[in-house]
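A.B. asks: This is the structure, below, for whatever I ask next.
The values are calculated or read from the model by the stated rules, or taken from the named source; none is laboratory data. What you see is a predicted model; the values in this text were computed from it and never measured. With ideal geometry, Cβ positions are generated from the backbone for all residues, glycine too; neighbour counts draw on all protein chains shown. All accessible areas refer to the heavy atoms of the entire protein, side chains included, with ligands and DNA or RNA removed. Shrake-Rupley method; radii C 1.70, N 1.55, O 1.52, S 1.80 Å.
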Amino acid sequence: MSDDSELFDESVADLDPAMLIIKSFLEHMEYTLGKDKYTALTRDVFSALSYSVRDRLIARWLDTQQAYYNEDPKRVYYVSMEFLMGRSLENALMNLEFLDDFRSAMESLGYDFSEIIEVEQDAGLGNGGLGRLAACFLDSMATMSIPAYGYGIRYEYGIFRQKIVDGAQVELPDNWLRYTNPWEFDRQQHLHKVNFYGKVIEKKDPDGRTFLDWVDTEHVMAIAHDTPIPGYGTHTVNTLRLWSAKASREFDLKFFNEGNYIRALEKKMTSENISKVLYPADNVKEGRELRLKQEYFLASATVHDVLYRFKKFHADLRHLPEKVVVQLNDTHPALCIPEMMRVLMDLERFSWEDAWEVTRKTFAYTNHTILPEALEKWPVWFFEQILPRHLLIIYEINEKFLVDVKNRFPADDSRIERMSIIEEAWERKIRMAHLAIVGSFSVNGVAALHTEILKKDLFKDFYDMYPERFNNKTNGITQRRWLKKANPGLSALITEAIGDGWVKDLDQLKKLRPLADDPLFRASWQVVKLRAKERLAAYILKHNCIAVDIHSLFDCQVKRIHEYKRQLLNVLQIIAVYNRIKTGLAGEIPPRTFIFSGKAAPSYTMAKLIIRLINGAAELINNDPAIHGKLKIIFLANYSVSLAEMIFPAADLSEQISTAGTEASGTGNMKFTLNGALTIGTLDGANIEIMEEVGAENIFIFGMNSDEVAAMRRNYSPKDWYNGNPELKKVIDQIGNGTFSPAEPNLFQPLVDSLLSSDSYMLLADFASYMKSQEEVNRLYLDSGAWYRKSIINTASVGKFSSDRTIREYARDIWAVAPHIVGSRTGRTPDDSMDDTGISL
C-alpha cells in the first residue's frame, strides 16, 4: 500500500470522488480492520473496500426504510428456503453505478481490482435454480422500487463444495462465514421465539371461551441478519432478512444444576443446528427431522416478524391482506399458513372463520416442479411429535376443505381422496402442495407449458375447483448480473451499438436485430465471444490442467446433476460421435469442447454415477490421439454463481435437453441465450417460449413433445430402441463393459440396467433425433457468419425473459402493489418508528 496518510488531513469537501473513495478505503483499513500497508492481506483489502461500498449503501437503505414507514405502502414478503446470492461487491458497485470510480481508485493505489473481486466467497445459500431465481427477483424488486423484503435462513454452511477425486464427486463443507461477511448487519436484539414438540391443551379465556394452548415446548430463538439489496439506477435499497438459530439460554439449567455441564452444552448446540447446514440429507430420519425444523423455523420467525411490522401501523389484523402479501417460493415455506392460523386464533383470539379469511387472502404460492415424486410430503407422525398444534390446524383446514369439495362434487368420492391434504397411504403424509393451494389466493406456474400441466394434469382437481387462482408467471433473470456484470465485453459492445437503456428495459435489445446482418458488427461480436472463451480456457487450464481450443465449439450443459435433466443423453451422443471419428464416419465436423458442471445431491447415487461416467469418458477421449483434437470433455468442479458468470459468456451452444414435460421452467436457458449461445433442446419448460421469441429457425429443437411423451410412456419398451439402433446399442454396451472404467468394469452397470429396464426419462427414444439435431449444429458452426448472425438474433430476442418483466406481472396480477419511488432524505434521526435495531420498519 502506498503512503497516503496525508489524505486524512484533507477537507472532505475539497476531495474529488476518487479521493473520497481512497479516503474511505484507507480509514476502514486502519480504523475498522486495524491494518496498514505492511500487514494488510488481499482479503483485508477486499474487506476495507466492501465497507467503503457499504457506507454508500447504508444512506439509501435508511432512506428506503424511512420512506416505507412514513408512507405505509403495501409490502411484499418473498419467503424462500434458498437464496443463491453469489458475490456482492461487484454487483453492489454496478447497481450503485460506482464500479468504474472504485476500480480506478483502487488501481491508482496499485491494487489489481480483479484480484480483489476474486477474494469474496460466494453466498451459496441454495442448491440451484430456485435460490438463484429468488436472488434475481430481489434485484428486480429493488430496481423497480417495489416495497419488498426477502426472508430466508442464514445457513452457516451453504451448498457443499464439490471436489472431483478419481472422477467422483466428493462433498466438502462450505464454511462461507469463515471470514467476516461485510454485507450483513446483525440484529441481535431483534428476535423471535420458535417452539417445537410439547403438547396441546384446552384452556378458557376470561370470557369463558375455549381455546387451545401449545405448552411444554422446547424453543429456539430466531435472530435476524439483514443484508441490503440495492436496485440499479434507483435510490431504493431493500432488505434480505436471514434468520439464524440461537439457544434460548446459554445452558439448559436442568442439566447444569445436575452437574452435567457437557450435556447442557450439547443441548445448546443441538438447538442451534437448525441454521447450521443448507438442506441436510433427507434419506435418514435425523436429516428429515432437521429439514422440517428448518422449514418451520423460517415460517414462524417470518410470520411473527411480518405481524410485528404490521402492528407498527395498524391495530386491526383483519386488514392484514390490504397491506401485506406473502409469496411462498415453492412449498418449503408453506408452514407459514398454519402458523398464521395459530397466531391469529391462539394468540390474537380470532375465530376460525376470521383467521382463515385473513390467512387465505395473505398468501400466494409458486409451484416449481412438475414431477409428482418431487412434491413435498411429510409423515403425519413427524408433525405429531414436532408440531402437534399445527397438525390439529391442518386437520381442521382439511376437514372444512373436503366438505367444500363434497358439496361441489357430490358424486365423486375418488376426488376427495385425491384432493385431501392428508394422503391416506400405509404411512399417512401431509401433502404440502395441497396445503399451499388451499391456503393461498394465487397459485402460479413458472412457464407456459408448466402452468398448463399444473392445470390439466398435476393439480387438475384443484383447477376445476379454483380456476381463478391459477396463473402463469414465466421465470426471468436479471440482466444486470447475467449480462452487464458477467459479460462486460458484450455489454460494452451492445451499449455502444444501441445505448444503455437495455439495462433497465431488456426489450430494447430488439434494436440489435438489424445489426445481425452487418458483417462488421458480427465480426466484433465474434471477437467478444472469443475473449470470453479465452478467459474460460485459462480457468480450465488452471483448474483442470487441460488446454482447450478457443476456436472449438463450446458446448455447455451446466446445472444440477439429475436424471431428468439428461446429462446422460449428452454423454451417449458424445460417445457416439467419438465412435464415428474412430471409424472414419464422422464426416466434416468442427472441433467441440463439451463443458459440464453441476452438483449431485450427496445421497443421489445415480446422479453421482453420471458424474463418474462423464469423467471416465473424458479420461479416454481427451487422451486418444486418434481423434486429432476434435473432441474434449471438461467437468468443472464446484459449480457456483461465480463460475456460471464465466461459463455463460463463453458458451456457443446451450444444452437444455430434459424430457419434455419434466422441467418447470429453467433459467440457465435464458442466461445462455442472453449471452448469445444457441440452444439445443426439447420442447420443455421455458424452451418453448424461447423458441417463440427467437424463431424456430434460430434454435435446435429435437425429440418428443410432452403429449408424445405421455402417450409413449403407456407402453414404452426401452429395449426395442436399444435393439433397433446399432449405434446406440454399441454406446450402451461400451458403458456396460468397462470401456470407460477399465479398473472397475462393472462400475456403470447400474446406469445400463436403468436404461434398459425402465429408461424413465426416455433417453433412448430421443437419441436418434438428438443426434440428427447435433449434426445440424455442426453444419451451422462451420459457417461462422451464419452462426454469429443467429447468435445476435438470440440475444436480441430475449427481452421477455428479464426478471423485471416477471416481477412486473407478479406486482400487477398477484400482489396488487405499485412501485414506491424513494428519494434522498436528510436529517434522519431515530424515533419511535425505529425498531430496537435502529432500522425503520
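A.B. asks: Kindly check whether there is at least one residue in the range 132-143 that is of a type in the set (Ser, Thr, Tyr), more than 27 Å from ILE561 (Cβ to Cβ) and in a strand (DSSP E or B).
C.D. replies: No, the conditions are met nowhere in the range 132-143.
A.B. asks: Return the pairs, sorted by first residue and then second, in which the second residue is open to solvent by 10 Å² or more (accessible area, probe 1.4 Å), the first residue lies in the range 549-573 and is without any contact (Cβ under 8 Å) to a residue 40 or more places away in the chain, the beta carbons are less than 8 Å apart, and the residues are 6+ apart or on different chains.
C.D. replies: ILE550/LEU530; ILE550/GLU534; ILE550/ALA537
A.B. asks: Then there is this: Out of the residues in the range 232-280 that are under 24 Å from the mean Cα position of the chain (by Cα) and among the charged types (D, E, K, R), which is modelled with the highest pLDDT?
C.D. replies: Looking at residues that are under 24 Å from the mean Cα position of the chain (by Cα) and among the charged types (D, E, K, R), I get ARG241.
A.B. asks: Under 7 Å between Cβ atoms, which residue pairs at least 6 apart in sequence (or on different chains) link something in the range 503-515 that is farther than 10 Å from ALA796 by Cβ and part of a helix (DSSP H, G or I) with a partner that is at pLDDT 95 or above and among the basic types (Lys, Arg)?
C.D. replies: Partner pairs satisfying both residue conditions: VAL503/ARG480; VAL503/LYS484.
A.B. asks: Hey, any hits in the range 473-488 for a residue that's modelled with pLDDT of 95 or more, open to solvent by 20 Å² or more (accessible area, probe 1.4 Å) and either of a type in the set (Asp, Glu) or not in a helix (DSSP H, G or I) (or both)?
C.D. replies: Checking the range 473-488: not a single residue is modelled with pLDDT of 95 or more, open to solvent by 20 Å² or more (accessible area, probe 1.4 Å) and either of a type in the set (Asp, Glu) or not in a helix (DSSP H, G or I) (or both).
A.B. asks: Could you pull out the residue among ALA48, ALA67 that is aliphatic (A, V, I, L, M), buried (at least 17 other Cβ atoms within 10 Å of the Cβ), assigned to a helix (DSSP H, G or I) and free of Cβ contacts under 8 Å to residues at least 40 places away in the same chain?
C.D. replies: None of the others qualify; the one that does is ALA48.
A.B. asks: It is to be established whether one or more residues within the range 542-565 are over 24 Å from ALA768 (Cα atoms), among the charged types (D, E, K, R) and in a helix (DSSP H, G or I).
C.D. replies: yes
A.B. asks: Just need a number here: residues in the range 161-186 that are outside any loop (DSSP other than H, G, I, E, B) and not small (Gly, Ala, Ser).
C.D. replies: Result for the range 161-186: 11.
A.B. asks: For the range 589-615, which residues satisfy the criterion of being open to solvent by 10 Å² or more (accessible area, probe 1.4 Å) and either modelled with pLDDT under 95 or under 27 Å from GLY129 (Cβ atoms) (or both)?
C.D. replies: Hits for the range 589-615 are ARG592, LYS599, ALA601, PRO602, SER603, TYR604, THR605, MET606, LYS608, LEU609, ARG612, ASN615.
A.B. asks: Then there is this: Kindly indicate whether ILE422 is at pLDDT 95 or above, hydrophobic (A, V, I, L, M, F, W, C), more than 24 Å from the chain's Cα centre (by Cα) and surrounded by fewer than 18 Cβ atoms within 10 Å (Cβ to Cβ).
C.D. replies: For ILE422, the condition - at pLDDT 95 or above, hydrophobic (A, V, I, L, M, F, W, C), more than 24 Å from the chain's Cα centre (by Cα) and surrounded by fewer than 18 Cβ atoms within 10 Å (Cβ to Cβ) - is not met.
A.B. asks: Keeping to the range 435-452, report how many residues are open to solvent by less than 60 Å² (accessible area, probe 1.4 Å) and out of contact with any Ser or Thr (no Cβ under 7 Å at 6 or more places or on another chain).
C.D. replies: 8
A.B. asks: Spot the failing condition for ASP112; the list is (1) out of contact with any Lys or Arg (no Cβ under 8 Å at 6 or more places or on another chain); (2) open to solvent by less than 10 Å² (accessible area, probe 1.4 Å); (3) not basic (Lys, Arg), and only one is missed.
C.D. replies: Among (1) out of contact with any Lys or Arg (no Cβ under 8 Å at 6 or more places or on another chain); (2) open to solvent by less than 10 Å² (accessible area, probe 1.4 Å); (3) not basic (Lys, Arg), the lone unmet condition for ASP112 is (2).
A.B. asks: Continuing with this model, one more query. Scanning the range 162-187 for residues that are under 22 Å from the mean Cα position of the chain (by Cα) and among the charged types (D, E, K, R), which turns out most open to solvent (accessible area, probe 1.4 Å)?
C.D. replies: Top of the filtered list is LYS163.
Okay, residues lined up against (1) aliphatic (A, V, I, L, M); (2) out of contact with any strand residue (DSSP E or B) (no Cβ under 8 Å at 6 or more places or on another chain); (3) part of a helix (DSSP H, G or I):
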position: ALA532; (1), (2), (3): yes, yes, yes
position: LEU569; (1), (2), (3): yes, yes, yes
position: GLY587; (1), (2), (3): no, yes, no
position: GLY616; (1), (2), (3): no, yes, yes
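A.B. asks: Is there any pair linking a residue in the range 767-791 that is polar (S, T, N, Q) to one that is assigned to a helix (DSSP H, G or I), with Cβ under 7 Å and at least six apart or on different chains, and which?
C.D. replies: GLN774/GLN573; SER784/GLN526; SER791/TRP525
A.B. asks: Let me ask another. Which one is nearest to GLY231 (Cα to Cα), of the residues in the range 21-45 that are part of a helix (DSSP H, G or I) and of a type in the set (Val, Ile, Thr)?
C.D. replies: ILE21
A.B. asks: Just a yes or no: is a residue in the range 74-84 free of Cβ contacts under 8 Å to residues at least 12 places away in the same chain and not in a helix (DSSP H, G or I)?
C.D. replies: no
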